[in-house]
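These notes are about the structure you will find just below.
The values are calculated or read from the model by the stated rules, or taken from the named source; none is laboratory data. Just so we're clear, the structure is a prediction, and the values are computed from it rather than from any experiment. In this analysis, Cβ positions are derived from the backbone assuming ideal geometry, glycine residues included, and neighbour counts consider all displayed protein chains.
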Amino acid sequence: MKPLRNAAPADTSTHTTESHTGDSPTDDPSEPVWRALANPWRRRILDVLRESPRTTGELTDVLDTTRHQLLVHLEILRKADLVLTVAEGRVRRNYLNAVPLRMIHDRWLSRYESLWSDVLLDLRADLEAEVKAATRPVPTAEETSLAG
């Protein structure tokens with residue numbers, strides 16, 4: 001894995017040039033999740049947390065990054081509700097919260113899954129028909145004379 005030390009600064013901006021009229025894309029409650037997932041370093045943090053909960057110090061070691069940079073990324077992940085941090089005495093343990101990911105899946109990805117499933121099933125049927133037609137044995141001269 002590449003170290004986080006070389007990562008670009010975390011995108012902490014929340015402003016857009018769009019108006020905030022109820023129909024704006026920025027009113028989408030999944031927007032913080034998309035913003036958090038847009039950064040490869042934050043996706044790496046989620047991958048590590050998927051394996052098991054980690055303390056902030058453990059994450060710093062595993063990802064070979066500075067504590068400050070990790071905390072900036074963790075804060076963005078917390079705001080997106082992708083990471084839950086529980087204080088256990090002096091230690092803070094970070095947990096992956098997959099619920100927002102499931103909501104993204106249900107809202108965005110699942111509606112396209114059925115389209116692709118249908119297309120892929122049709123493609124499979126077409127290809128199997130072509131293979132079947134191409135592998136049909138060619139009748140011998142004797143078989144053609146008997147048939148006619």
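Mind listing whichever residues of the stretch 86-97 are free of Cβ contacts under 8 Å to residues at least 12 places away in the same chain and either in contact with a Lys or Arg (Cβ under 9 Å, 6 or more places away or on another chain) or outside the structural domain of Arg50 (by TED's automatic domain parsing) (or both)? Within the stretch 86-97, Val86, Ala87 qualify. Residues in the stretch 65-85 that are buried (at least 20 other Cβ atoms within 10 Å of the Cβ) and without any contact (Cβ under 8 Å) to a residue 40 or more places away in the chain: Leu74, Val83.
For the subset of the stretch 8-58 comprising residues that are of a type in the set (Gly, Ala, Ser), closer than 30 Å to Gly89 by Cβ and surrounded by 11 or more Cβ atoms within 10 Å (Cβ to Cβ), which member is modelled with the lowest pLDDT? This residue is Ala10. Those helices (runs of 4 or more DSSP H) of the stretch 55-148 in which 1 or more residues are among the small types (Gly, Ala, Ser) occupy 56-63, 110-134, 141-147.
Could you tell me whether the stretch 57-73 includes any residue that is within 13 Å of Ala98 (Cα to Cα), among the charged types (D, E, K, R) and in the same structural domain as Pro32 (by TED's automatic domain parsing)? No: zero hits.
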